[in-house]
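Below is one structure, written out as structure tokens, with a few remarks after it.
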Amino acid sequence: MDVDPMAGVEDSEPPADTSAARLNTWVAITVALLATFAGICKVKDDNLVQAMQQAQADKLDHWAFYQARNIREEIAKATLAELRIAAPSAPIRAQAESTVIRYQALVADQEAKKDSVRLQAQHDQANYDALNYRDDQFDLSDALTAIAIALLAVTSLTEKDWLFWVAMVPTAFGVIMGVSGLAGWHVHPNAVTSLLS
């Protein structure tokens, strides 16, 4: 006769509550989807931050080059003034005229190049601002999905159905902000970003 070692042993675990099990399943699925979505958004956000750093460096380089062009222009103007003052006599005047013409051309060239560099620096700033706009969207998405995941963890522990629906509020807004950043939509709560920055 075979003896069943489990005979007479009562199951110490109570039967699983199906509504709690269903809630925990929904929580687990939601957390997995949110974590995946947040990871995708994080990759895109990191790429945007790198582009922002490059735009900032380009802007600083262009403004520095603008200042260099400005200094060159001012030095050429001062040299022109000196040449005009120093060349009153006829023999020096003939020699100075070619130098004056050369410096006039240099002043005009530096002024034109200076304006070109200024426009590049302003373009770099506009590029940075556009990237920062999208970076704010990803930052808000990251914060909202983190809040949602925390609420979902509490939901799983407390097994409160209503808390799951509360967690869906930051989930929805986090997903909207993340998709807006990924798709380049102009959804941006300025008041919130101003408050947090």
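Quick notes on this structure:
- Selection from segment 55-68 of residues that are closer than 13 Å to His123 by Cα and surrounded by fewer than 16 Cβ atoms within 10 Å (Cβ to Cβ): Ala57, Leu60, Asp61
- Set Ala183, Ala96, Ala153: member being exposed (fewer than 14 other Cβ atoms within 10 Å of the Cβ), aliphatic (A, V, I, L, M) and free of Cβ contacts under 8 Å to residues at least 40 places away in the same chain: Ala183
- Flag if Thr145 is hydroxyl-bearing (Ser, Thr, Tyr), in contact with a Gly (Cβ under 7 Å, 6 or more places away or on another chain) and under 27 Å from Trp26 (Cβ atoms): yes
- Criterion: within 44 Å of the chain's Cα centre (by Cα), part of a helix (DSSP H, G or I) and either at pLDDT below 90 or more than 30 Å from Phe164 (Cβ to Cβ) (or both) - qualifying residue of Ile92, Ile71: Ile71
The values are calculated or read from the model by the stated rules, or taken from the named source; none is laboratory data. Here the structure is a predicted model, which means the values were calculated and not measured. All Cβ positions, glycine included, derive from the backbone under ideal geometry; neighbour counts span all protein chains shown.
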